[in-house]
Amino acid sequence: MRKNGRDERRARMALRVGVIGGGQLARMMIAPAVELGLELRVLAEAEGMSAELAATSVGDYRDLETVRAFAKDVDVVTFDHEHVPQDVLRALVDEGVAVHPGPDALKYAQDKLDMRARLAELGVPQPDWAAVATPDDLQAFLDDHGGRAVVKTPRGGYDGKGVRVVSDAAEAADWFEALDGGALLVEELVSFVRELAQQIARRPSGEMVAYPVVETVQLDGVCAEVFAPAPGTTPRLVEVAEGIGRSIAEGLGVTGMLAVELFETDDERILVNELAMRPHNSGHWSQDGSVTSQFEQHLRAVADLPLGETTPRAPWSVMINILGGPVEGALDSRFADAMADQPSAKIHTYGKAPRPGRKVGHVNATGDDLDDAVFVARAAAEHFR
């Protein structure tokens, strides 16, 4: 019997990867998916999102029936963000859907209290912390930790949201009032000299690879710059950071990309700050600076394909985020000037309208000299501000 066009296409088609979430991370998976011969499908939250080129469905990722319908037409489900509810994820797994990372791992990226407790069980170094259900609990922690601490909402915070530095329990009174039988997370205010990030990729079969540890610079709680590898690192620091990342990836059963945000303290400790189980801002440099980008690597990992090399293509890579965008006009109008000014810079934009503080793109630069790469990336990014 002669096959129709759709059957023929299916017969020669490779794995179908479904990404829940239509943001810039899904957008940046499109090109490597094409190159790997994978079919990328995206469940976007709304029309016109960053990954609209691959958006095959639009709907609420919190609705089981919407997600179930999307998952029926793919071979593996992965994510642009970590906000899909546990009951939805577990229903997919119970129905035999391949979900990477799975709910048992993802819950530790969704709830910071769960994360802290599990990392403590794994013996991973982290700041002193506590779950506080009342202002009195918080005040007691403050009194025991020099009068200042970091308070976080356990769920939903990112890019500096849901985080406060407080010196009095009254400064978190509104958060306590909003609690419904739960608790807030309080952590010691770490005296750190810089922030680092360690990325690990792990596939279901257990193979893992590590990227170079990088230095990240935050602006108002948002990642602004990344230097890869982290300048001034010692072999011991590299070993410790990678060891922490591998321990977490294996201990939590992460599949796909894992980003471990770290503090390097002034007394030479390396402490875990946050986790992300997906491609991450700290790894955008790898698009142009690594043999295998984090976006290709994530697809390889969730499809359980052999992982790619993470060797840097140049001694230094620098990533500068474009935050906010131009006050007047579209990003598109700035490309020609930026390209002419810095022809070696690689410009990546997200199809987003400019808005104060919003991540609308980033610029990568690579080279033999760190200062030169920093100059190129910053100069190119400045055209879009």
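Which of the residues spanning the range 61-94 are farther than 17 Å from VAL17 by Cα and not small (Gly, Ala, Ser)?
So in the range 61-94, the residues farther than 17 Å from VAL17 by Cα come out as 62-65, 83, 85-88, 90-91, 94.
Within the range 61-94, ARG62, ASP63, LEU64, GLU65, HIS83, PRO85, GLN86, ASP87, VAL88, ARG90, ASP94 meet the criteria.
Here's a check for you: in the range 68-96, which residue that is under 19 Å from ALA303 (Cα atoms) and among the β-branched types (Val, Ile, Thr) is nearest to the chain's Cα centre (by Cα)?
My answer is THR78.
Could you say whether any residue in the range 341-357 is touching a residue at least 40 places away in the same chain (Cβ under 8 Å), basic (Lys, Arg), open to solvent by 50 Å² or more (accessible area, probe 1.4 Å) and touching a His at 6+ places or on another chain (Cβ under 7 Å)?
Within the range 341-357, the first condition is being touching a residue at least 40 places away in the same chain (Cβ under 8 Å), and the residues that meet it are 341, 346, 348, 350-352, 357.
Narrowing the set further to residues that are basic (Lys, Arg) leaves 346, 352.
Add one more test, that the residue is open to solvent by 50 Å² or more (accessible area, probe 1.4 Å), and what stays is 346.
Filter once more, keeping what is touching a His at 6+ places or on another chain (Cβ under 7 Å): none.
For the range 341-357, residues touching a residue at least 40 places away in the same chain (Cβ under 8 Å), basic (Lys, Arg), open to solvent by 50 Å² or more (accessible area, probe 1.4 Å) and touching a His at 6+ places or on another chain (Cβ under 7 Å): absent.
Show the residue pairs meeting these rules: Cβ distance below 7 Å; 6+ apart or different chains; first residue within the range 120-131 and under 16 Å from ALA183 (Cβ atoms); second residue open to solvent by less than 60 Å² (accessible area, probe 1.4 Å) and hydrophobic (A, V, I, L, M, F, W, C).
TRP129/LEU185; TRP129/VAL186; ALA130/PHE141; ALA130/VAL186; ALA131/LEU113; ALA131/ALA183; ALA131/LEU185
Taking helices (runs of 4 or more DSSP H) that fall entirely within the range 1-103, which contain at least 1 residues that are touching a strand residue (DSSP E or B) at 6+ places or on another chain (Cβ under 8 Å) and at pLDDT 95 or above? Lay out the reasoning, then the answer.
On the way: elements: 5-12, 24-27, 30-36, 64-71, 86-94.
Counting at least 1 such residues, we get 24-27, 30-36, 64-71, 86-94.
Looking only at residues that are on the phi > 0 side of the Ramachandran plot and under 18 Å from the mean Cα position of the chain (by Cα) in the range 232-275, which one is surrounded by the fewest Cβ atoms within 10 Å (Cβ to Cβ)?
Only one residue tops the list, namely GLY253.
The values are calculated or read from the model by the stated rules, or taken from the named source; none is laboratory data. No experiment lies behind these values; they were computed from the predicted model shown. Ideal geometry is used to build each Cβ from the backbone, glycine not excepted, and the neighbour counts take in all protein chains shown. Keep in mind that these areas ignore ligands, DNA and RNA; they rest on the heavy atoms of the full protein, side chains included. Shrake-Rupley method; radii C 1.70, N 1.55, O 1.52, S 1.80 Å.
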